Amino acid sequence: MSEEVALDRSVASARGKPPTSGSEDTVHKEHHRNVTGGLARAAVFGVSDGLLTNVSLILGVAGASPAPGLIRLAGIAGMVAGAFSMGAGEFISVSAQSELLQREIEVERLEIERHPEIEHRELAQIYELRGVRKDVADTVATALMADPAVALQAHAREELGIDPSDVGAPLGVALSSFISFAVGAAVPLFPWLFLSGTLAVVLSVVLAIGLAATIGVVLASFTGRSRFRSMTRQVGVAIVAAAVTYGVGRLVGVGVQ
């Protein structure tokens, strides 16, 4: 029987619940998605941000009825500038967060090394506060503190809410944001590379709505919520953003003319 199963049984017994029966192979293990992963978050929201930003920019400029070349220039500039901005912003943000977490983990490592008795009591008290019987909490804390690496993981998770093995990947998140923003921004720009006028405006809107609906479906698959509701929300936001900026472009264009 593994330590994981033994700990599960000890905690269940301490809480007055019957321990799980059977061998390790019969223990039910739930499978959850990693909803905190930085790469997935950056990719999904990068596409959404790129789409909303560039469809708004393109239609805002198109509303003023300039030459098609100016609209293409605005769309390309918005895509490139936005992608770099997103990538750089994510890199700086995740780097700072990672450095902060690593600092806190190092402080905890030094405390375990210098004051193991105090850290042992802290860990046992955490389990007691969660409803584990005192003697069992002390036994569990003793077992975890026996190995410094395991003790650090336990304290980081229980005291700081940090997984020491997952403190962020700044470069990966930055690249994910850069690429996904560019992909989202390229969709409403695509018609303007070959067309112009009303047809290009209509195709930009249609493609933007299609991508927004796709993003809604993807988000619904992660959250388990209604696909229709998620799609409606994404499409509604895209339509409002495009309509408002197009209207502003029309007003400004009339004023300039």
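Values in this text are rule-based calculations from the coordinates and carry no lab data. This one's a predicted model, so the numbers in the text were calculated from it and none came from an experiment. Backbone-built Cβ (ideal geometry, glycine too); neighbour counts: all protein chains shown.
Numbers at a glance
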{"read-out": "Virtual spin-label span in nm between residue 147 and residue 107, 7 Å along Cα→Cβ", "value": "2.7 nm"}
{"read-out": "Alpha-carbon centroids, segment 41-75 and segment 76-131: separation in whole Å", "value": "35 Å"}
{"read-out": "Alpha-carbon Rg with Dmax, taken over segment 100-257, Å", "value": "26.8, 82"}
{"read-out": "Approximate spin-label separation residue 121-residue 222, in nm, with each point projected 7 Å along Cα-to-Cβ", "value": "4.4 nm"}
